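Take a look at the structure below.
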Amino acid sequence: MPTLTKLYTMQEASQHNTKDDCWIVIDGKVYDVTSYLDEHPGGDDVVLESTGNILANNESPKWPAANDLLEGKDATDDFEDAGHSKSAKELLQSFCIGELDTSSPIIPELEISSKREAVKYSEKLMDLTKQYWTIPVAIVGISVL
C-alpha cells in the first residue's frame with residue numbers, strides 16, 4: 001500500500017527561506033531543516049542559499065540563476081555537489097515533510113496567458129501593419145529623392 005505524503009508546490013517551499021523557517025527541496029522531496037541550521041557543519045548560510053533566498057543573512061544582493069528568479073530553488077545539485085556522506089543523507093530523511101507537487105506548472109499564469117496572447121499578438125501585428133503602411137513607403141520615397 002503506498003504511503004500518502006503531503007504535496008507542496010515549489011512556490012510554497014520557496015516561502016520558507018529564512019533562518020527561522022527554512023525548507024529545502026532535494027530530489028523531489030521537501031525538507032524542513034529549520035531546527036538543523038545551527039548544527040549544519042557548513043553553516044546556515046549555505047543551506048539558506050540553497051532555498052533560492054538571494055538575501056541570506058542580510059548580505060548584499062546576489063544575482064540568482066535564471067531558473068531561480070521566480071520560484072524557489074531545487075537544492076539537489078547543491079546537495080550532491082557538496083559530497084554529503086551516507087549518514088548525512090540518512091539524517092536528511094528525518095527532516096522530510098512531504099514531496100514536491102510536479103503536477104502543476106511552475107508558473108501557471110504564464111502558460112495560460114501565452115496561449116491566449118499568441119492569437120491576439122498576430123492579430124495586433126496585422127492591424128498595425130495595415131494602419132501604418134504609409135510610414136515605410138514615405139521613407140523609401142524620401143530616400144529616392
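The values are calculated or read from the model by the stated rules, or taken from the named source; none is laboratory data. As the structure is a computational prediction, the values presented were derived from the model and not from experiment. Heads up, the Cβs are rebuilt from the backbone with ideal geometry, glycines too, and the neighbour counts pull from every protein chain shown. For accessibility, only protein heavy atoms count, side chains too; no ligands or nucleic acids. Shrake-Rupley method; radii C 1.70, N 1.55, O 1.52, S 1.80 Å.
When the residues of segment 66-78 are filtered to those that are modelled with pLDDT of 80 or more and open to solvent by less than 30 Å² (accessible area, probe 1.4 Å), the one that is nearest to Ile24 (Cα to Cα) is Ala75. Going by the conditions given, is Glu111 modelled with pLDDT of 75 or more and either in a strand (DSSP E or B) or open to solvent by 50 Å² or more (accessible area, probe 1.4 Å) (or both)? In short, no.
Restricting segment 7-21 to residues that are touching a residue at least 40 places away in the same chain (Cβ under 8 Å) and hydroxyl-bearing (Ser, Thr, Tyr), the residue that is farthest from Glu99 (Cα to Cα) is Ser14.
Those residues that are more than 19 Å from Asp101 (Cβ to Cβ) and surrounded by 14 or more Cβ atoms within 10 Å (Cβ to Cβ), I need them from segment 22-43; list them, please. Within segment 22-43, Cys22, Val33, Thr34, Tyr36, Leu37, His40 qualify.
Of the residues making up segment 123-136, none is outside any loop (DSSP other than H, G, I, E, B), surrounded by 10 or more Cβ atoms within 10 Å (Cβ to Cβ), modelled with pLDDT of 80 or more and hydroxyl-bearing (Ser, Thr, Tyr).
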